[in-house]
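Working notes for the structure below.
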Amino acid sequence: MYRAWLAGTGASLPEKVLTNHDLEGMVDTSDEWIVQRTGIRERRIVQEGEVTSDLAIAASRQALEAAGIQPEDLGAVIVGTVTPDKVCPSAAVFVQNALGAVNACAFDLNAACTGFVYSIAVGSSFIQTGLCEHVLVIGAEALSRFVNYSDRNSCILFGDGAGAAVLSRQKDGEDSHIIDSQLFADGGARDLIQIPAGGAALPASPETVEARQHCLSMNGREVFKFATKAMVDLINTSLERNGFKYEDLDIIVPHQVNSRIIDTALKKVDVPKEKIFINLDKYGNTSAASVPIALREAVEEGRIQKGNLVLFVAFGAGMTWGYNLLRW
Ligand SMILES: CC(C)(COP(=O)(O)OP(=O)(O)OC[C@H]1O[C@@H](n2cnc3c(N)ncnc32)[C@H](O)[C@@H]1OP(=O)(O)O)[C@@H](O)C(=O)NCCC(=O)NCCS
C-alpha cells in the first residue's frame, strides 16, 4: 500500500456578494437575527452564465500550481457536488476537459456537505492501492440556483464557491500523509434536507415548478441536532481510532455550517475555539465547497504548518458525515 498526501490547495469564489442586508429586502428577516442565529454576514453567489464547473476549474488550476503537478499527470478528477452544471453529464467531465487532464477518469460524488471529505477518502484510496499517482479532488457548488429565496428558514444559510486539492503518492522520506478517513451515512434521515423534484421520482412538470419543488427544503431544527452530534462524534472517533488526544490536534477545518452548531459541539469536546478554522461569516454554507475553501484560506494565512495534525469534519444531506485526519 502507498500513502497519499495533500500536495496543493486552491479555491474560487464568485465575485457577487449577497449580504444579510440584501436578504432583508427579499424575506422577513434581519441582519441581527441571521448573525445571532448563524454567524453568517454575507455569502457569494454566481452571476448569470456562471456555473459550478467554472468555479471548480479556477480552484483546480490553483491547486495544481500549488502542487507543481501538470493536468496530464492526474489519474482521476472527482467533484463533490449536489449542484452540477447538468443532471448529466457530470461536472467532473467539464473540469477534466477544461484542464486537459487527458489521462484522468472523471466523476461526481454526491454526499452533499460531506462531498469533499468523501472525495478525499475515495481519492486517497485510489492512490493507496496504486490505481493513480495523482488525484484532483474538488468541492464545488452553485447552491443559489437551488435556493428558494422566499423561504427565510433556508435562504439565509447558503452560498456558492469551490475549493480543490491535489492528492499525490507520498514521496520517500516525507512524513506528510492522510492518516485516516471514516465515512458514515443514514438514509433513514434522507428527508431532512432534500431537493424533491427533478429526479426520476418527480420529474420536472409545470406543477413541480409552481410548487418550487426544484428548490432545497430543510428541517432546520432536526438538522441542527444531527449536525451538532455528528461533529462531536467525528472529533472523538478520529482521535480514538488513531491513538491521539484532544491536545494533539493542531487545527480542525470543519464544514462551515453555522457558528452556533460549531459552538454547541465544542462545549462537548476539549478543543479550544482557537483550534477551529472558521470563515462562514464571509461565505455562508457552501456545502461540499466549504471545507476546501476554508482549507485554502487556512493554508494561505499560515494557520497550517508542516507537521501539524489536521482534521476535516463534515456532515450534511443524506444524512452523511465523515472525517479525514492528516499529518500535514
Ligand atoms: C435554520 C436555523 C438557522 C434556524 O434557527 P433556529 O434558532 O433553530 O430557529 P427556529 O427554527 O427555532 O425558529 C425560531 C423563530 O425564528 C423564525 N425564523 C426562521 N428563520 C428566520 C429568519 N431568517 N429571520 C427571522 N426569523 C426567522 C422562525 O419562523 C421561528 O419563529 P416562531 O418562533 O415565530 O415560529 C437553524 O435551525 C439551523 O441553522 N439549522 C441547521 C441548518 C443547516 O445548517 N443546514 C445545512 C446543514 S449541512
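Laboratory data are not the source of any read-out in this text; all were calculated from the coordinates shown. Since we're looking at a predicted model, the values are computed, not measured. Backbone-built Cβ (ideal geometry, glycine too); neighbour counts: all protein chains shown.
Rg and Dmax, both from the Cα atoms of region 177-327 and both in Å, are 17.1, 56. For region 21-140, the relative contact order works out to 28 percent when only alpha carbon pairs closer than 8 Å and six or more residues apart are counted. The peptide list 143-154, 58-69, put in order of mean Cβ contacts within 10 Å with the highest first, becomes 58-69, 143-154. Summarising the amide proton neighbourhood of Cys132: residues at separation of 5 or more, or on other chains, whose placed amide H is nearer than 5 Å comprise Ile127.
With viscosity 1.002 mPa s and temperature 20 °C, the Kirkwood radius over alpha carbon pairs of the chain converts through Stokes-Einstein to a diffusion coefficient of 109 µm²/s. The magnitude of the dipole of the chain, with charges of +1 and -1 set on the Cβ of Lys/Arg and Asp/Glu and taken from the Cα centre, is near 580 debye.
Counting beta carbons within 10 Å around each of Ile195, Ile304 and listing the fewest first gives the order Ile195, Ile304.
By the beta-carbon count within 10 Å of each Cβ, the least crowded to most crowded order of Thr129, Thr320, fewest first, is Thr129, Thr320. Projecting the Cα positions of Trp321, Ile69, Leu99 onto the charge dipole of the chain (unit charges on Cβ atoms of Lys, Arg, Asp and Glu, taken about the Cα centre) puts Trp321 furthest along the positive direction. Pairs from the table (Lys229/Lys282; Lys225/Lys282; Lys245/Lys267; Lys225/Lys267) lying more than 22 angstrom apart at Cα are Lys229/Lys282; Lys225/Lys282. Counted over region 4-169, the DSSP beta bridges are approximately 65% antiparallel. In terms of the mean number of neighbouring beta-carbon atoms within 10 Å, the peptides 261-274, 10-23 order highest first as 10-23, 261-274. With the dipole of region 177-327 worked out from charges on the C-beta (+1 for Lys and Arg, -1 for Asp and Glu) around the Cα centre, which of Asn308, Pro206, Gln256 lies farthest toward the positive end? Of Asn308, Pro206, Gln256, it is Asn308. The mean sequence distance of close C-alpha pairs (under 8 Å, at least 6 residues apart), as a share of the length of region 120-183, puts its relative contact order at 38 percent.
Counting beta carbons within 10 Å around each of Trp33, Trp5, Trp328 and listing the fewest first gives the order Trp33, Trp328, Trp5.
Taking every alpha-carbon pair under 8 Å whose residues sit at least 6 apart, the chain reaches a relative contact order of 25 percent.
Within region 76-140, the percentage of alpha carbon pairs spaced more than 14 angstrom apart rounds to 51%. Counting only DSSP beta bridges with both residues in the chain, the antiparallel share comes to about 70 percent.
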